[in-house]
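Readers should treat all values here as calculations from the given coordinates under stated rules, not as data from a laboratory. Everything quoted here is computed from the prediction, not taken from an experiment. Counting neighbours? That spans all protein chains shown, and the Cβs are built from the backbone with ideal geometry, glycine included.
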Amino acid sequence: MNTEQHTPIPTPSQKHSVAAFFFITLALFLGLGALGGGFYLWQQLETSKQQIAEQNKMLSTALKQLETTDNTLDKQQEDLSTQQHALDRLTTLANQRDQTLLLAETEYLVRLAYFSLHFEHNIPQAILLLRTANSRIESAHNPAFLKLQAALTKNMTQLQGTPQPDIAAMLLKLNAFTMEIRQLPLLVAKPASQETGGSPGVAATPDTNVSSAPPSIWRKGWDKTWNTLKTIVVIKREEASTPQMMKELSTPAVNRAETDEQLELLLAQAQWALIHTRSNLYVASLNQALALLTSSYDVTAQPTRALLEGLNELVKVNIHPPIPDLTPSFEFIRALLNQPTEPLQTAETGT
């Protein structure tokens, strides 16, 4: 038997109650959801506030650290600036000291060149010293040194154009001439017997006519007395003429030695004057040697003529030619040494 089940049909009042319950429940759920969402949002907001507060605190700490760091950097920058200033000052002083030492060294080299010229007359050595000084100045690359370089270059050019006598060769020639003096022939004086026609030292008797008759006793006595008187007269005459007596007593060997020694002394004196560049003494010694050679030696002999020619060539040599003035170089050096530090440093850094 089939039993049919019938669903009851709600009435309108029941329908309204169900709808109200549904809406109330929905509203309740919505309210609970809104309340939960608001609570969640409030929690999120509080969390955000806390995070923001922490971030602000961290940011404040970071700002303080940054400020401290800035102060430290400023102090370090100030210290660095002070150190840089001190370093610049030290560099300036070092450069000034180097330039002062360089100029002092240059002055010393130029002074040595001056002594070589005026006291030794050594032109090659003076040129070498000036070239060394100029190279030291060029190594500084300082425009303030250009005038000094120009002066040094001018002095070197003038010295290179100055005639330079070969002192060593001239000394060797004078020494060779001295060795030849002992072999030179002297002038030969004529004997007095050839000049007067009789024997020297024997006076002619006033009585030249000799009688062929044997002399009487009175004649013998007179002749003996006369000869005695003549001897006395001759002795008195020789004592009254001492230079003449010394001339007669002197031998040719003694005269030769004295003449040779005198000529050797003159040539030695010329050598000394040549070494010490005494021009006047050099020329005077050679001229005296030429005069003695001409007056005392046989100039017709070949050795004498060769010695005369050699001495005439030497006496014409100017052993002390004019030399350039190094005063401008000294003046430029002193002017640079007297300058203050800054202009020299500026010139140094400008290069």
| How far apart, in nm, are two points set 7 Å out from the Cα along the Cα-to-Cβ line at R136 and at K57? | 7.5
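Just want the ordering: T304, T47, from fewest to most Cβ atoms lying within 10 Å of their own Cβ.
Details: T304 21, T47 10.
Least to most surrounded, the residues fall as T47, T304.
Express in nm, to one decimal, how much length is gained between Q43 and N312 on full extension, taking 0.36 nm for each residue of separation and deducting their alpha carbon distance. Display every interim value, and only then the final one.
Values: separation 269, 0.36 × 269 = 96.84 nm, distance 13.14 nm.
This chain segment gains 83.7 nm when fully extended.
Where Lys and Arg each count +1 and Asp and Glu each count -1, what net charge lies around A151 among other residues with Cβ under 13 Å from its Cβ? Can you show the working numbers first?
Numbers: positive: K147, K154, R334; negative: E107, D325, E331.
Around A151, the surrounding residues sum to 0.
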| Phi to ³J(HN,Hα) by Karplus 6.51 cos²θ - 1.76 cosθ + 1.60 over the stretch 319-336, Hz, x for Gly, Pro | 7, 9, x, x, 10, x, 8, 8, 4, x, 5, 4, 5, 5, 5, 5, 5, 5
| query | Going through the stretch 98-142, which chymotrypsin sites (Phe, Trp or Tyr not before Pro) have at most 11 other Cβ atoms within 10 Å and a DSSP loop state? | reply | none
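Report the FRET efficiency, 1/(1 + (r/R0)^6), for D98 and L146, where r is their Cβ-Cβ distance and R0 is 25 Å, rounded to 0.05. All intermediate terms of the calculation are to be shown ahead of the outcome.
On the way: r = 18 Å, r/R0 = 0.73.
So the FRET efficiency works out to roughly 0.85.
Give me the extension gain from L265 to D166: residue separation times 0.36 nm, minus the current Cα-Cα distance, reported in nm with one decimal. Kindly include the intermediate steps, with their values, before the conclusion.
Numbers: separation 99, 0.36 × 99 = 35.64 nm, distance 2.22 nm.
This chain segment gains 33.4 nm when fully extended.
For a quick check: sort W42, W272 by the number of other beta carbons within 10 angstrom, fewest at the front. Mind showing how you got there, number by number?
Details: W42 10, W272 13.
If I rank by nearby Cβ atoms, fewest first, I get W42, W272.
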| query | So, in nm, how far is label A27 from label W272 when the simple model puts each one 7 Å beyond its Cα toward the Cβ? | reply | 15.1
| For L186, distant residues with modelled amide H under 5 Å away | D298
| said: For a quick check: sort D260, D74 by the number of other beta carbons within 10 angstrom, fewest at the front. | reply: D74, D260
| query | Quick one: Karplus J couplings for the stretch 292-297, per residue in order, coefficients 6.51, -1.76, 1.60, θ = phi - 60°, nearest Hz, x for Gly and Pro? | reply | 5, 5, 6, 8, 10, 10
